[in-house]
1. Suppose each label sits 7 Å from its Cα in the direction of the beta carbon; what would the residue 300-residue 178 distance come out to in nanometres?
2. The stretch 87-153: percent of C-alpha pairs farther apart than 14 Å?
3. As a footprinting exposure proxy, order 298, 184, 331 by other Cβ within 10 Å, with the fewest listed first.
4. Let me know the shape class of the stretch 112-210, please: from the alpha-carbon gyration tensor, a ≥ b ≥ c as square roots of the eigenvalues, rounded when a/c is under 1.5, otherwise prolate if a/b is greater than b/c, or oblate.
5. Where the centroid of each part is defined by its Cα atoms, how far is the stretch 269-340 from the stretch 78-128 in Å?
6. Can you pull the Rg over Rh of the chain, Cα-only, Kirkwood?
7. Please quote Rg/Rh for the stretch 4-103 to two decimal places, taking the Kirkwood radius as Rh and restricting both calculations to Cα atoms.
8. Can you bin the stretch 41-96 into rounded, prolate or oblate? Criterion: square roots of the alpha carbon gyration tensor eigenvalues sorted a ≥ b ≥ c, rounded for a/c under 1.5, prolate for a/b above b/c, oblate for the rest.
C-alpha cells in the first residue's frame, strides 16, 4: 500500500464531457484485496464516467507495469458530479499478466512535437527523445516517465506523469532544468515558460529559465504562451477565455456578452488565437485583440470545424485540426484556404512552418518536410 500509480482513460474530466483524447492522473494505493485494488487521487485526478476499463499503471525502471483496470469510482472531481470522494476500485490483473504480456505490446510512439529543424517524441514506454537536422539523423535520448514533450526554437520541454516540468535551452544534449513541480500542463515559447499547477494556478516566466514566475491567475484549465501573448481558459463549467499582449503584467482582454464560450483549450501563434470548444468545434481569431462590435477593427473570426475536433494546433502560417475520427487536417497561408487531409488514422498531430507530424493509431511516428503534399518519413 502507498505505492504511487498512474490511472488513464478517455472518459469525462473535471471540465470536459467528451475530451476524445487520453488523460491520466496520479493515484495512491490505499488497500489491496483478493482481485481488487483501492486507489485515491493524490492531487486533482479523477476516474470518471467513460474511464471504465482503462489501465492503472505502476512506474518501473524501464517503463510501466499494468496492475489493473478501472472497475468503479465515486466520481469526485468529475464534471456534472456533486460528490467529492476521489477514490476508485481497480480490478487486479495479476492472474492474467503473463497472457497480456504474451499477446500485446506498446506502440512505438504516443506523442510528437516538431519545429522546422527538430522533432521530439514520447515513446510507447514513456521515454523521450529528440533529433535535430534531417529527419534521418540519430536520436538523442532524454527523460523517462513522460506525459508530454514540446520543442520550440532551441528549447525542449518535458512534463512527466508525476508532474515535474523540465526545460532545456540550446543543444539537445544540454542539461535539463527543473522549472516546476506539481504541474498538469507545460507551455513554451522561445522566451517564455508557462505552467498550470495541479491546483489550477497558471505561472509564466520570461527570459532565462531561472527567472522568477509571474502569477497569471487561478482556476485555470488551459494555458498558451508566445513571446508576446498569454492566453488562459477557466477550469469551470463556463470555459471562459482571455488573452493578454505585451508584458506579463499587462491587462487581460476577452469577449464580452452574456453567452459563455465553453472552451476546453486555447492555442496561440503570432497574431492567431485558436479555441477548441467542448462541443468539438474549433475557431481561430486573427489580428488584434479587440473583441468589440466595431467591424472595421475587431479581431476576425474563422470557424474551422463546427464539430468533431479532438485537437487544434497552430504554428507559423499553418493550422491543424485532428478530428475524433483520427483525420489530420492542415491548411497553410490565409485562414480562408481549404484544409488538406494529411492523414487518416492519426492519434496525434503537430505542425511547424515546413513540417507536419502525426502519430498513427498503430503507434508509428511520421513526419513530412516541405509542402503539404510532400512524402511521409517514418521517424520512429
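1. Reported label-point gap for residue 300 and residue 178 is 4.8 nm.
2. 66
3. Arranged by neighbour count, lowest to highest, 298, 184, 331 become 298, 331, 184.
4. Oblate shape, in that a/c is at least 1.5 and b/c is the bigger or equal ratio.
5. What the calculation gives is 29 Å, centre to centre.
6. Rg divided by Rh gives 0.95.
7. In the stretch 4-103, Rg relative to Rh is 0.97.
8. Prolate, because a/c is 1.5 or more and a/b exceeds b/c.
Coordinate-derived values only; no laboratory data. It should be emphasised that the depicted structure is a prediction, and the values quoted were computed from it without experimental measurement. Don't worry about glycine lacking a Cβ; one is built from the backbone with ideal geometry, like all the others, and counts go over all protein chains shown.
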